[in-house]
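Asks: Handing you a structure now.
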Amino acid sequence: MDTTQSVVEKSAIRKVAIRLVPFVALMFFINYLDRTAISFAGPNGMNADLALNAAQFGFASGVFFIGYILLEVPSNLALHKFGARRWLARIMVSWGIVSLLFTWVSGVEHLYILRFILGVAEAGFFPGAILFLSLWVPSKHRSKILALFYLAQPLTTVIGAPLAGLLIQQHGLFGLAGWRVMFLGVAIPAIIVGVIAWFYLADSPAKAKWLTHDEKTWLTGALEKEKNETAAGNKHVSVRTVFGNGRVWMLSAIYFGFIYGLYALGFFLPTIISGFEGIYGTKFDVLQKGLITAIPYLPAAFALYFWSKDATKRGVKTWHIALPALIGGLSIPLALFAGSPAATIAVITITAMAIFAALPNFWTVPTQFLTGAAAAAGIALINTVGNLAGFSAGYITGWLKDWTGNYSVPMFVVGGFMLLSAVLMVVLSRSGKVSEGIPAEALDPTGAGHHSEP
């Protein structure tokens, strides 16, 4: 690479990181806050007002993913057809409107229906955002860009949990209970930012007015070259063959374990913290509970950033994904044996750090061997299967808690799924099999053939 190209490359990647990633991350921030708002509402008045037990709350948390899963792949294919700018903006405005209706939810059946419709409205956003950002940068820069994007998820809780606590404390505003005020407060930004996205985003580097001619030429050329090389080495990878591809299904199972752990913590951590009073005799107000809920996610954000920075430097290796899964799987059951609120939160912090360290590096793998519509379908399929855990984690955790009377068995289940992800990641990297005509080297999750030192 000559000096001029190096300067243009660095400038182009820097502009993408500054102009696109923060905005898409803001969209993701609002997305994750809206879907997990129920976890803050539940122990702060909603469960009592709607007379929900743990299993009903878990089902309400998880039924979101049924609607989400049904339309995930079609939505991502629509994004590929109509363009990310239009489709991501449409998704965001739609879920904002549905989120607003939670302000006036009247009973458990109404709650189930709205959660299901919210899943339908949000379908395709996350894999669409992953695909969108992947189409803007060559593979060797993708881990860095996706890590910056993924920072929004732990920061959603770091910022969102105290924010939710503040909104819940506004009890009586507009004549609403505090948890209803919270739903109102987190829904309106989705509608506003969705409208802005229609005008702010660009579908490709060629359409970005904020790139220079040289930057557009380099990005377009590098992406087209990479696309052609990937397509030439994987001629049989189409939308149809994606659904029969063993590697795609293996990645789906790995992602399932991560998401099971993520949402088991996300939906039930506020409830576990509320239970400290009965176990340890501690008392916290709503804002304090929100701040405690946020504690594990700030270190998780740092772990995500620095772990992904190392992955960008070395190229994504199997252990960048499998090792965090192993640590997370072993740590979460240890929270059961902690003797104080501080020790419990410390162990849960290790679990959160492990999950978030692995996720952005995991998402660099599918685009190593999938392009075009096949990439849209493959990423959506992996996310769809993985998000089955979003439903099962909420419902199974709540059901097991009701059945056993505590969170011991549910947390061992969480640890088991994460350990399974670690094992499957190692098996995938060592299998060396060719699936659906895809060369083994193109499927190597270590990224050895696809990443270089920046």
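Asks: If you go through region 278-333 one residue at a time, how many are part of a loop (DSSP other than H, G, I, E, B) and under 22 Å from Ala346 (Cα atoms)?
Replies: Summing the residues that are part of a loop (DSSP other than H, G, I, E, B) and under 22 Å from Ala346 (Cα atoms) in region 278-333 gives 7.
Asks: For region 50-83, give me each residue that is of a type in the set (A, V, I, L, M, F, W, C) and surrounded by 24 or more Cβ atoms within 10 Å (Cβ to Cβ).
Replies: Phe57, Ala60, Phe64, Phe65, Leu79
Asks: Any residue in region 432-453 that is open to solvent by less than 40 Å² (accessible area, probe 1.4 Å) and at pLDDT 75 or above?
Replies: Within region 432-453 (the criterion being open to solvent by less than 40 Å² (accessible area, probe 1.4 Å) and at pLDDT 75 or above), the answer is no, since none of the residues qualifies.
Asks: What do you reckon, is Gly378 part of a helix (DSSP H, G or I) and in contact with a Gly (Cβ under 9 Å, 6 or more places away or on another chain)?
Replies: Taking the combined requirement at face value, the residue does not satisfy it.
Asks: Looking only at region 166-182, filter to residues that are in a helix (DSSP H, G or I) and without any contact (Cβ under 8 Å) to a residue 12 or more places away in the chain; which one of those is surrounded by the fewest Cβ atoms within 10 Å (Cβ to Cβ)? Spell out how you get there, then give the answer.
Replies: Just the residues of region 166-182 that are in a helix (DSSP H, G or I), to begin with: 166-168, 173-175, 178-182.
Then drop every residue that is not without any contact (Cβ under 8 Å) to a residue 12 or more places away in the chain, which leaves 173-175.
Numbers: Leu173: 14, Phe174: 9, Gly175: 7.
Selected residue: Gly175.
Asks: Exactly one of these conditions fails for Arg115: (1) open to solvent by less than 10 Å² (accessible area, probe 1.4 Å); (2) more than 28 Å from Ala294 (Cα to Cα); (3) of a type in the set (Lys, Arg). Give me its number.
Replies: (2)
Asks: Restricting the search to region 6-49, which residues are open to solvent by 40 Å² or more (accessible area, probe 1.4 Å) and of a type in the set (Gly, Ala, Ser)?
Replies: Ala48, the sole residue that qualifies.
Asks: So, one more: Can you give me the number of residues within region 400-420 that are aromatic (Phe, Trp, Tyr) and surrounded by fewer than 19 Cβ atoms within 10 Å (Cβ to Cβ)? Please lay out each step first, then the result.
Replies: Kept after step one, since they are aromatic (Phe, Trp, Tyr), are these residues of region 400-420: 403, 407, 412, 417.
After this cut, where a residue has to be surrounded by fewer than 19 Cβ atoms within 10 Å (Cβ to Cβ) as well, the list is 403, 412.
Within region 400-420, residues that are aromatic (Phe, Trp, Tyr) and surrounded by fewer than 19 Cβ atoms within 10 Å (Cβ to Cβ) number 2.
Table: residues versus (1) open to solvent by 10 Å² or more (accessible area, probe 1.4 Å); (2) farther than 30 Å from Glu215 by Cβ; (3) in a helix (DSSP H, G or I).
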site: Ile91; (1), (2), (3): no, no, yes
site: Ile97; (1), (2), (3): yes, yes, yes
site: Glu109; (1), (2), (3): yes, yes, yes
site: Trp136; (1), (2), (3): no, no, no
site: Lys140; (1), (2), (3): yes, no, yes
site: Ser143; (1), (2), (3): no, no, yes
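Asks: List every residue pair whose Cβ atoms sit under 8 Å apart, with the two residues 6 or more apart in sequence or on different chains, where the first one lies in region 348-365 and is in contact (Cβ under 8 Å) with a residue 12 or more places away in the chain and the second, anywhere, is of a type in the set (D, E, K, R) and open to solvent by 10 Å² or more (accessible area, probe 1.4 Å).
Replies: What qualifies is Thr364/Arg142.
Asks: Please tell me if Leu223 is within 27 Å of the chain's Cα centre (by Cα) and within 22 Å of Pro270 (Cα to Cα).
Replies: It is false that Leu223 is within 27 Å of the chain's Cα centre (by Cα) and within 22 Å of Pro270 (Cα to Cα).
Asks: Does Trp307 meet the test of being open to solvent by 20 Å² or more (accessible area, probe 1.4 Å), free of Cβ contacts under 8 Å to residues at least 40 places away in the same chain and within 24 Å of Val426 (Cβ to Cβ)?
Replies: Values: open to solvent by 20 Å² or more (accessible area, probe 1.4 Å): yes; free of Cβ contacts under 8 Å to residues at least 40 places away in the same chain: no; within 24 Å of Val426 (Cβ to Cβ): yes.
When the stated conditions are applied, Trp307 does not pass them.
Asks: Going through region 249-266 one residue at a time, which ones are open to solvent by less than 10 Å² (accessible area, probe 1.4 Å), hydrophobic (A, V, I, L, M, F, W, C) and either modelled with pLDDT of 80 or more or over 17 Å from Pro333 (Cα atoms) (or both)?
Replies: Selection gives Leu251, Ile254, Phe258, Ile259, Leu262.
Asks: Where the second residue is open to solvent by 20 Å² or more (accessible area, probe 1.4 Å) and charged (D, E, K, R) and the first is in contact (Cβ under 8 Å) with a residue 12 or more places away in the chain and within 17 Å of Gly185 (Cβ to Cβ) and lies in region 149-165, which pairs have Cβ atoms under 8 Å and are six or more apart or on separate chains?
Replies: Gly165/Lys289
Asks: Residues that are of a type in the set (Gly, Ala, Ser) and closer than 30 Å to Phe199 by Cβ: which helices (runs of 4 or more DSSP H) entirely in region 1-77 hold 2 or more of them?
Replies: Working: elements: 3-19, 21-41, 46-49.
Where helices (runs of 4 or more DSSP H) fall fully within region 1-77 and carry at least 2 residues being of a type in the set (Gly, Ala, Ser) and closer than 30 Å to Phe199 by Cβ, they are 3-19, 21-41.
Asks: Of these, Gly107, Gly67, which one is more than 18 Å from Leu33 (Cβ to Cβ) and out of contact with any Phe, Trp or Tyr (no Cβ under 9 Å at 6 or more places or on another chain)?
Replies: Numbers: Gly67 fails: out of contact with any Phe, Trp or Tyr (no Cβ under 9 Å at 6 or more places or on another chain).
That would be Gly107, the only listed residue that is more than 18 Å from Leu33 (Cβ to Cβ) and out of contact with any Phe, Trp or Tyr (no Cβ under 9 Å at 6 or more places or on another chain).
The values are calculated or read from the model by the stated rules, or taken from the named source; none is laboratory data. Quantities reported herein were computed from a predicted structural model and do not represent experimental measurements. Note: ideal-geometry Cβ built from the backbone for every residue, glycine included; neighbour counts use all protein chains shown. With ligands, DNA and RNA removed, areas are computed over all heavy atoms of the protein, side chains included. Shrake-Rupley method; radii C 1.70, N 1.55, O 1.52, S 1.80 Å.
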